[in-house]
1. Filter the cross-link list LYS101/LYS122; LYS133/LYS167; LYS127/LYS171 down to pairs whose alpha-carbon distance in this structure exceeds 32 Å.
2. Suppose each label sits 7 Å from its Cα in the direction of the beta carbon; what would the ASN37-PHE111 distance come out to in nanometres?
3. Put a dot 7 Å past each Cα toward the Cβ at ALA102 and HIS70; how far apart are the dots in nm?
4. For every other residue with a beta carbon closer than 12 angstrom to the beta carbon of LEU114, add +1 if it is Lys or Arg and -1 if Asp or Glu, then tell me the sum.
5. Could you give the length gained on full extension between ASP178 and ALA49, defined as 0.36 nm per residue of separation minus the Cα-Cα distance, in nm?
6. Which value in Å is the Kirkwood Rh of region 18-111 over different Cα pairs?
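Just so you know, all these numbers are worked out from the coordinates, no wet-lab data involved. Just so it is clear, the model here is predicted, and its values are computed rather than measured. Here the Cβ is made from the backbone with ideal geometry for all residues, glycine too, and neighbour counts use every protein chain on show.
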Amino acid sequence: MCMSFEYMFLTMVIPGPSNSKRLIDVYLELLIEELQNLWHVGVLTRDSARDETFAIRAALMWTVNDLAAHGMASGWSSAGVMGCPVCMEDTRAFYLQNGRKACYFDFHRQFLHLDHPYRRNKKAFTKNRVERKAARPRLTGEQSGFEEFSPQLKCRSLPDGYRIEHKWTKKNIFWELDF
């Protein structure tokens, strides 16, 4: 059943030894083209109440993904300690001593309101500390630092500074949209 035509896309995207993580944009190119057309030109639609036609336009407002899919689509690798797509390189995540797994425990308190009781709770969180730092504001595409790595992201290898300064793996195809 999974190899039938209507499920073919899912069969090709499921992770495996030769998955298409960085090449997912190949499958999204037609969607991006259609979204650009819907934004710039629109589609003629009939309003039956007024008995007239008009060009209706559309935009992609958001996508809903799990963290792994977000990493594939966005170009920011979600693995390791710099895997948070909000904090990016400004993370306080750490590797566990046994197993070398990335851990974001106690990292989430900075996103709470400054007067939230969990910020002052020393017993339930690590290192007996009070969280005083506010989360940094969400970055725009221009602020993300992507542009300095952009020329290197067109090749198949990872760009300079990967895992040290940044986690960019590719240019996000959604950045080609004008909106």
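1. As for pairs spanning more than 32 Å Cα to Cα, those are LYS127/LYS171.
2. About 3.7 nm separates the two model spin labels.
3. Simple spin-label model gives 1.1 nm for this pair.
4. Residues near LEU114 contribute +3 overall.
5. 43.3 nm
6. It works out to 17.0 Å.
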